[in-house]
Amino acid sequence: MNKVVKFNTISEYNVFNNNETLHPLISVIDFSKASQRSWEGEKSVIIYYGFYCIFLKDIKCGDLRYGCNYYDYQEGTLVFIAPGQRMEVEPVGKVYQPKGYALVFHPDLIHGTSLFKSLNDYNFFSYNANEALHLSERERQIVLDSFSKINLELQLGVDKHSKKLIASNIELFLGYCERFYDRQFITRESVNKGILERFEEVLSSYFTSDKPNTIGLPSVAYCANELHLSANYFGDLIKKETGKSAQEYIQNKIIDIAKNKISGNNLTVNEIAYELGFKYPQHFSRLFKQRVGYTPNQYRSLN
């Protein structure tokens, strides 16, 4: 049987974890204060959050794998959850003591701040759990220091400066997380190259199947799903590795295939457009002209 738990407010989550509510819209959770948990008899526990959550596991994560490759940094793991998302927990089958920390804050906290405008730029809030941020010991200490500074501000009490200072500290912390993810993309270069190769395979397979006729053009979401990645993580990875967005990469592949079709057979431009998955041939011609500098017919004449 699956158990469903919903937390809509910060105070509800504080009560659940035996932490004091210092501010109604934000809290730094110390899970060591929580009561021991069991979830006995539950196949899985599905938890919904009505606020932003950043969880720090304060224990070794063990061997973490993606496909046939093991992750490197294992001193800590950061997981990011946006409001409305859910987390599924598979009970360990025995009573256990939660460990680690979490920064949780409600969207209402940051309304009217610079963080509210920039929060959507932090794509890692929509990454999958297997795309979590794995920290070195030094990075983990920076995260704990950031949590400590935010908690200190909460203990000082609410005044006219609180909102600005708290939002600024969260923004600084998320900036560090962005830097750490950049490091993770670099240190896992071999894993990333494997994903690039599989991305190429997904595109090649797509255009040799009937999917362009039945589905249309391949989307970033489709390719990410085929590679078992979230669309945002996949897009960020491709951008870091190639300097191009995933959409640009797909379009380049389409143009390469189109060039071969234009040069190598007697199909009309409209027929080529439909074979590639374009709903309207003029959209194909416009894209081709933008990328190549010539219309498809001009390119055929030149070649």
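Extension gain for Asn213-Gln290 works out to 25.4 nm (0.36 nm per residue, less the C-alpha to C-alpha distance). Take the Cα of Lys244, step 7 Å toward its Cβ, do the same at Asp256, and the gap between the two points is 0.8 nm. Pairs of Cα atoms in segment 160-288 fall into 10 Å distance bins, from 0 up to the last occupied one, in shares of 11, 34, 25, 16, 9, 4, 1, 0 percent.
The longest stretch of the chain left intact once loop-based GluC sites (Glu not before Pro) with at most 12 other Cβ atoms within 10 Å are removed from consideration, loops following DSSP, is 41-303.
Keeping to pairs on different chains or 8 or more places apart, tell me how many lysine pairs in segment 190-302 have Cα atoms under 23 Å apart. Eligible lysine pairs with Cα atoms under 23 Å apart amount to 21.
Given a Förster distance of 41 angstrom, what is the FRET efficiency for Arg138 paired with Glu42, based on the Cβ-Cβ distance and rounded to 0.05? Please report the intermediate quantities before stating the final value.
On the way: r = 37 Å, r/R0 = 0.91.
Given R0 = 41 Å and the Cβ-Cβ separation, E is 0.65.
Thinking of the chain as a set of Cα atoms, what percent of all their pairs are more than 25 Å apart? Counting every Cα pair in the chain, those more than 25 Å apart make up 59 percent. Which FRET efficiency value, to the nearest 0.05, do you get for Glu271 and Glu20 by plugging their Cβ-Cβ distance into 1/(1 + (r/R0)^6) with R0 = 45 Å? Plugging the Cβ-Cβ distance into 1/(1 + (r/R0)^6) gives 0.05.
Which of the trypsin sites (Lys or Arg not before Pro) found in segment 246-303 are loop residues per DSSP with 14 or fewer other Cβ atoms within 10 Å of their Cβ? Could you put the intermediate results ahead of the total?
Values: sites: Lys253, Lys259, Lys261, Lys279, Arg286, Lys289, Arg291, Arg300; in loops: Lys279.
Taking segment 246-303 and a limit of 14 other Cβ atoms within 10 Å, the loop trypsin sites (Lys or Arg not before Pro) found are Lys279.
Every number in this text was worked out from the coordinates using simple rules, so none of it is lab data. Predicted, not measured: the structure shown is a model, and the values here were computed from it. Backbone-built Cβ (ideal geometry, glycine too); neighbour counts: all protein chains shown.
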